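J.: The structure follows.
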Amino acid sequence: MLKIVFLDRDTLSPETVLRAPAFPHELIVHDRTAPADVANRIASADIVISNKAPLSREALSRAPRLKMIAVAATGTDIVDLAAARERGITVCNIRNYAKHTVPEHAFALMLALRRSILPYRQSVLDGRWQEAAQFCFFDHPIADLGGSTLGIIGNGTLGKAVGRIAEAFGMSVLVAGRKGSGENKPGQTPFDDVMRRADVITLHCPLNAETRGIISTREFALMERKPILINTGRGGLVDEQALEQALEKGEIAAAGFDVTDGEPPAADSPMMRIAARPNVILTPHVAWASREAIQALADQLIENIELFVAGTPRNMVG
């Protein structure tokens, strides 16, 4: 009988159904697990499920029976992949479950910021409509997405889905090539050109050593069109202090973020300092979290485990 330990069940919504794997097993579920407690909780596990609880080299070294890490997410930066590979531990992730929910959230942020939805809502609540004494008022800027240019950084499943929606809105789409590269794949635009030409920039790339801080002071200075910056990927993709300064200097028009570098962000972090600005929307890492998407993730998670036990693993990483 295999022992399965789920380190952070609370990262999936309470209404999500997590069916039992179809093989003899013991399932131990923890609502959440602090990093310091991971090693003890996985010490006798054959299979570990984790969404955000970190699986470090030290923790893995204390789990001699561990055969599989089932990541309940697409990103695998919580796992020391090199240590897992050395130990022969299979790491599998979740793929393509968020192909609707993340692009829709990205466009919700774009539309709300481009059309000043939240400032106008607040104005109505504050009585401004009555003060205007006419059928409308023009206190906040409004601009269409149609006819504007969208720059996409990261052209995987989510980036491509965002591009298709953008085209339906009548936007021109630029897919950024690799930052700092002198060569670009067909259909890609040099990274710096995207910074200069885009009215909206949206991030859909993984967080790794190459992409950490991919948007920082240099990139903000290139943004000639003062774009809206959307990040539904990972917080570390953007230098948050540089973002705060860019907003102060007017180098960008607005920012819509669903992620921060460290979650939850500290109360005195740059993201919390800018969160109340009328041209900033910060949501709590919920772009992935539609009811349909979380259930699809949970179903795929159990399928990944069953396929591994059956000897036909899929979605292997590292």
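J.: At 1.4 Å probe size, with every protein chain present, just tell me what the per residue accessible area of segment 270-318 comes to in Å². It would help to have the intermediate numbers written out before the result.
T.: Details: 2320 Å² over 49 residues.
Averaged over the residues of segment 270-318, the accessible area is 47 Å².
J.: Follow-up question, since we're still on this one. Please report the Cα spread of segment 170-318 along all three principal axes, rounded to whole Å, starting with the longest.
T.: Largest first, segment 170-318 extends 56, 42, 33 Å along its Cα principal axes.
J.: Right, next: Helix 291-309: angle to the longest alpha-carbon principal axis of the chain, degrees 0 to 90, nearest 10?
T.: The angle comes out at about 30 degrees.
J.: Quick check for you: with a 1.4 Å probe and neighbouring chains kept, what is the accessible area per residue of segment 155-254, in Å²? Let's see the in-between values first.
T.: Details: 4670 Å² over 100 residues.
Result: 47 Å² of accessible area for each residue.
J.: Still on this model: Tell me, what is the percent relative contact order of the chain, built from C-alpha pairs under 8 Å that lie six or more residues apart? Please list the in-between numbers first.
T.: On the way: 597 pairs, mean separation 55.7, N = 318.
That works out to 18 percent.
J.: Separate question: Would you calculate the separation in nanometres between label points at Arg57 and Glu86, each defined as 7 Å from the Cα along the Cα-to-beta-carbon direction?
T.: Taking the simple label geometry, Arg57 and Glu86 are separated by 0.5 nm.
J.: Distance cut-off 32 Å, Cα to Cα: go down the list Lys3/Lys160; Lys67/Lys160; Lys52/Lys179; Lys3/Lys179; Lys160/Lys226; Lys99/Lys249 and report the pairs above it. Numbers along the way, then the final one.
T.: Details: Lys3/Lys160 39 Å; Lys67/Lys160 34 Å; Lys52/Lys179 28 Å; Lys3/Lys179 44 Å; Lys160/Lys226 24 Å; Lys99/Lys249 35 Å.
Beyond 32 Å: Lys3/Lys160; Lys67/Lys160; Lys3/Lys179; Lys99/Lys249.
J.: Also: How many angstrom separate the Cα center of segment 130-194 from the Cα center of segment 1-27?
T.: 39 Å
J.: Shifting gears a bit: Could you please state how large a percent of the accessible area of the chain is carbon and sulfur, counting protein chains only and using a 1.4 Å probe?
T.: Working: 8130 of 15310 Å².
For the chain, the apolar C and S fraction of the accessible surface comes to 53 percent.
J.: Principal axis extents for segment 136-194, Cα atoms only, whole Å, descending order, please.
T.: Sorted from largest, the Cα extents of segment 136-194 read 50, 22, 16 Å.
J.: Near the amide H of Val175, under 5 Å away, which other amide H atoms are found, from residues 5 or more places off or on another chain, if H is placed in the peptide plane?
T.: Placed amide hydrogens put Ile152, Thr189 under 5 Å from Val175.
J.: Okay, next question. Roughly how far apart, in whole Å, are the Cα centres of segment 61-93 and segment 235-265?
T.: Computed from Cα coordinates, the inter-centre distance equals 31 Å.
J.: Here's a follow-up. Count neighbours as other Cβ atoms within 10 Å of each site's Cβ, and list the chymotrypsin sites (Phe, Trp or Tyr not before Pro) in segment 35-143 that are DSSP loop with at most 16 such neighbours. List each step's numbers first, then the result.
T.: Working: sites: Tyr97, Phe107, Tyr120, Trp129, Phe135, Phe137, Phe138; in loops: Tyr97, Phe135, Phe137, Phe138.
The qualifying sites are Phe135, Phe137, Phe138.
J.: Moving to a separate point now. Report the gain in length on full extension from Arg19 to Met272: 0.36 nm times residue separation, minus Cα-Cα distance, nm rounded to one decimal. Please list the in-between numbers first.
T.: Values: separation 253, 0.36 × 253 = 91.08 nm, distance 3.75 nm.
Contour length minus Cα-Cα distance gives 87.3 nm.
J.: Tabulate in residue order the Karplus-calculated ³J(HN,Hα) for segment 126-135, using 6.51 cos²θ - 1.76 cosθ + 1.60 with θ = phi - 60°, rounded to whole Hz; enter x for Gly and Pro.
T.: 7, x, 5, 5, 5, 5, 5, 6, 8, 6
J.: Could you pull out every residue, at least 5 positions away or on a different chain, whose amide H is within less than 5 Å of the one on Ile281? Hs are placed 1.01 Å off N in the peptide plane, and Pro or chain starts have none.
T.: Answer set, sorted by chain and number: Ala255, Gly256, Phe257.
J.: Per residue, what volume in Å³ does the Cα convex hull of segment 1-146 take up?
T.: Values: hull volume 26.1 nm³, N = 146.
Enclosed volume per residue, from the Cα hull, is 179 Å³.
J.: Report the local net charge at Ser61: Lys and Arg +1, Asp and Glu -1, summed over other residues whose C-beta lies under 14 Å from its C-beta.
T.: Cβ neighbours under 14 Å give a net charge of +2.
J.: Round to the nearest 0.05 the FRET efficiency obtained for Arg115 and Gln245 when R0 = 25 Å and r is the Cβ-Cβ distance.
T.: Values: r = 26 Å, r/R0 = 1.03.
The calculated FRET efficiency here is 0.45.
J.: Further question on the same structure: Please provide three numbers in whole Å: the alpha-carbon extents of segment 7-64 along the principal axes, with the largest listed first.
T.: The Cα atoms of segment 7-64 stretch 33, 25, 12 Å along their principal axes.
J.: Let me ask another. Please report the spacing between the Cα centers of segment 268-318 and segment 30-54 in Å, no decimals.
T.: That distance is 18 Å.
J.: Between His100 and Asp193, what length in nm is gained on full extension when 0.36 nm per residue of separation is reduced by their alpha carbon distance? Provide the component values of the computation, followed by the final result.
T.: Values: separation 93, 0.36 × 93 = 33.48 nm, distance 2.80 nm.
30.7 nm is the gain from fully extending His100 to Asp193.
J.: Search the structure for amide H atoms under 5 Å from the amide H of Ser148, placed 1.01 Å from N in the peptide plane, and list their residues when 5 or more places away or on another chain.
T.: Correct list: Ser172.
J.: What residue among Arg121, Arg87, Arg212 shows peak mean-square fluctuation when the chain is described by a Gaussian network model with Cα springs under 10 Å?
T.: In this elastic network of the chain, the residue with the biggest mean-square fluctuation among Arg121, Arg87, Arg212 is Arg121.
The values are calculated or read from the model by the stated rules, or taken from the named source; none is laboratory data. Since the structure is predicted, the reported quantities are computational estimates derived from the model, not experimental observations. Cβ coordinates were reconstructed from backbone atoms using ideal geometry, including for glycine residues, and neighbour counts include every protein chain displayed. Quick note on the areas: whole protein, heavy atoms, side chains included, nothing else; ligands and nucleic acids left out. Shrake-Rupley method; radii C 1.70, N 1.55, O 1.52, S 1.80 Å.
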